[in-house]
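Just so it is clear, none of the values below were taken in a lab; they were calculated from the coordinates. Because the structure is a prediction, the values reported are computed rather than measured. Counting neighbours? That spans all protein chains shown, and the Cβs are built from the backbone with ideal geometry, glycine included.
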Amino acid sequence: MICAYVSTLSLASCLLLNLLIPFVLVFTQSSQFNPKGYFSYAMIFVFLSLMPPDHLGELAVEIVVFFFCVGLLAVSIRFHTRLFSPPASVPFTLEKGLSALADMVRLLPDEERRPELEQRFSKLEQEFHRQSYHQNFFRRQNPENGRQDMFSTMMQRFSYLLTDNSWRNELQEDQIRTLRETAALMEETAKRLEFLSHKELTEICQKALKRMTIEEGRIRIFCRSMLHQLRVRSSAETFEMRFAMRLALVMTVSSGLSYVLPFTRSYWIPLNAFFLLQPSYEDSSYRMKTRTIGTFLGCCVEFVVHPLLPGVTGQVLFSLVMISLMYCSVPGTWYQPIFTTCYALTMASMTMRGTDAILLRILYLCAAVVIVFAANRFFFPTRRETQFKQNFKTLFRLNNSYWDIIRQGLEGETNLSVSGEILTHFHMIAQDCARYLREQKEEPCREERQAVLLKLWHMFAELEQMHFLIRTKSVRPEEQKRLLHMIEAIQEELYPVISGENLSVIRRELQYQDPEVVYVLDQYLRHAESLLAYQSCIPF
Amino acid sequence: MKATWIGYGKRFLQALRGVAPVILFFLTGFASVYALFGMQYVCVVSVVTVFFRCATKRTTRRPGGICACWLLVRF
């Protein structure tokens with residue numbers, strides 16, 4: 001509110017703040033997974049800077065009005081929640097997540113319940129990744145983060161078992177019992193997560209690990225990794241930047257123009273520009289058409305209806321009806337601007353001639369359309385298809401980044417929070433790519449790209465396991481140099497250009513003493529090799 | 001043709017029922033700010049209404065709540 005006031009004091013402050021505030025808001029509140037996160041906050045700034053108070057006294061009153069409205073908002077939300085909503089859902093907590101995962105581990109051997117498990121796991125995964133992703137900006141390393149990283153890795157282990165059924169062939173009674181014991185231990189840990197000391201937890205897990213007598217295999221790897229994770233409990237070009245730059249540019253140019261124009265109601269330029277500019281190029285283009293049609297129709301309605309309204313009371317009542325209808329309509333449609341225009345023009349007509357208001361409304365909208373069109377077209381455009389390609393490329397890049405983490409792990413200790421972050425990033429982007437492919441039914445190579453996504457997902461799961469094996473010193477010191485060379489070769493094969501010609505050679509040369517290391521690397525290389533069949537469909 | 005108009009009408013009523021709390025919030029805020037502070041400050045209400053709309057979108061409506069809403073709208 002203060003920033004909004006300061007932005008109206010001089011042209012310099014207007015330009016500077018309109019450049020900075022939208023940029024900061026998009027950068028901190030929005031992401032490609034929550035593109036409109038900036039909207040409500042930016043709207044406060046934009047609306048309040050449109051009709052600035054004349055002096056500090058008025059600013060004080062405006063602040064009082066704002067807090068009055070906030071009080072009303074708090075009371076209304078409370079009232080609404082009591083009246084209309086079921087009890088608020090319990091927010092995601094680590095205890096709740098761990099307990100849910102324990103329950104799913106218990107059900108894992110039951111093949112009939114696999115669809116239910118998949119559904120439950122997908123929900124838990126989304127809830128967790130959403131929470132983790134939006135914590136990234138101001139996050140500091142603390143014990144809670146360490147526990148979250150641990151949970152993230154446990155989820156990864158679980159998903160690997162859930163999506164690949166081959167381990168069921170080797171499932172025996174003692175393995176089912178081990179799974180149940182692991183689930184019970186997780187359940188117990190979930191209940192006492194806040195109270196157990198690191199030492200106590202380590203002892204419990206160590207005992208369980210010693211008790212484990214089942215043969216080597218997938219179930220053993222899974223259970224051991226779960227327990228190891230419990231034991232080790234302590235332990236960004238893209239969309240945001242592009243959209244932040246675009247919004248900042250549009251707001252700076254439109255507000256600057258509004259500031260220097262000597263005509264009344266010039267604030268309609270930044271206001272229209274603000275609503276026209278959308279995170280994606282396609283949405284913005286659509287809004288430029290619908291808002292223009294709606295505004296023109298609204299002007300026609302106002303031209304006919306306004307002379308018929310009986311006095312100020314009639315005008316206020318008409319504008320209130322119009323704004324109520326505006327709330328009933330879907331944002332972005334061609335008819336919503338009809339109501340917005342009628343409301344704005346009726347209010348404006350109280351202080352100026354109706355026909356002048358109509359003319360200014362159309363002129364200012366045209367100015368806003370020109371600004372937004374230019375910014376959208378020439379200044380960091382974010383088309384959905386381009387974003388998808390960028391995301392796809394990022395998935396491959398993240399694969400290589402994970403290898404970098406593994407390399408660091410070979411040379412020294414790595415922090416689990418680093419792999420937790422990369423995991424979250426990978427899953428959010430993979431989900432976004434999957435959603436794009438689901439929605440774009442005409443997309444070329446759609447099915448092939450979906451298959452590539454799945455393979456990348458498998459590869460990431462294997463990298464995750466590899467990282468775990470490195471941390472548990474499963475690669476002998478004398479094997480480390482060979483593995484480092486292999487990592488370099490794999491990275492060259494996959495990114496920035498997928499060649500993959502030497503993958504089969506690398507796979508044949510796998511010689512490590514620990515069979516788990518050989519198994520995980522072999523699986524990774526097989527999946528990487530299978531990507532070659534889709535080479536022509538990979539969009540970069 | 002008649003059926004189409006009935007369809008539009010039904011959709012409109014459905015939308016109205018969904019946003020009735022938002023409209024009520026806006027109207028209450030508008031009336032209070034207009035009465036207490038004056039017309040020049042009513043734009044603040046539009047901004048706060050966006051927050052109210054976002055907050056209420058996240059909750060699921062129950063039939064009892066819809067009835068209560070209708071009562072509020074009617075009286």
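Numerical summary
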{"read-out": "Label-point separation, A:ARG438 to B:THR28 (7 Å along Cα→Cβ), nm", "value": "3.7 nm"}
{"read-out": "Neighbour-count order for A:CYS69, A:CYS537, fewest beta carbons within 10 angstrom listed first", "value": "A:CYS537, A:CYS69"}
{"read-out": "Inter-centroid distance (Cα atoms) of region A:1-65 relative to region A:403-442, Å", "value": "35 Å"}
{"read-out": "Ordering of A:278-284, A:331-337, B:8-14 by packing [mean C-beta count within 10 Å, highest first]", "value": "A:278-284, A:331-337, B:8-14"}
{"read-out": "Cα-only Debye scattering, region A:1-103: base-10 log of I(q)/I(0) at q = 0.12, 0.13, 0.15, 0.20 Å⁻¹", "value": "-0.64, -0.72, -0.85, -1.08"}
{"read-out": "Value of relative contact order over region A:414-540, rounded to a whole percent, pairs C-alpha under 8 Å and six or more apart", "value": "32 percent"}
{"read-out": "Note, ³J(HN,Hα) from phi for region A:382-391, Karplus 6.51, -1.76, 1.60, rounded to Hz, x at Gly and Pro", "value": "10, 7, 4, 5, 5, 4, 4, 4, 4, 4"}
{"read-out": "Of A:LYS123/A:LYS191; A:LYS441/B:LYS2; A:LYS36/A:LYS441; A:LYS123/A:LYS455; A:LYS455/B:LYS57; A:LYS289/A:LYS389, those spanning more than 30 Å from alpha-carbon to alpha-carbon", "value": "A:LYS441/B:LYS2; A:LYS455/B:LYS57"}
{"read-out": "Centroid-to-centroid separation of region A:484-540 and region A:238-309 [C-alpha atoms, Å]", "value": "51 Å"}
{"read-out": "Averaged over B:21-27, number of beta-carbon atoms from partner chains that fall within 10 Å", "value": "6"}
{"read-out": "Average partner coverage of A:63-72, which counts Cβ from other chains inside 10 Å", "value": "6"}
{"read-out": "Proxy reagent accessibility, fewest Cβ within 10 Å first, across A:LEU309, A:LEU531", "value": "A:LEU309, A:LEU531"}
{"read-out": "Förster radius 45 Å - calculated FRET efficiency between A:LYS123 and B:ALA35 (Cβ-Cβ, nearest 0.05)", "value": "0.45"}
{"read-out": "Pairs of alpha carbons in region A:300-364 whose separation is greater than 12 Å (percent)", "value": "66 percent"}
{"read-out": "Region A:399-537 - Kirkwood radius from inverse mean 1/r over Cα pairs (Å)", "value": "15.8 Å"}
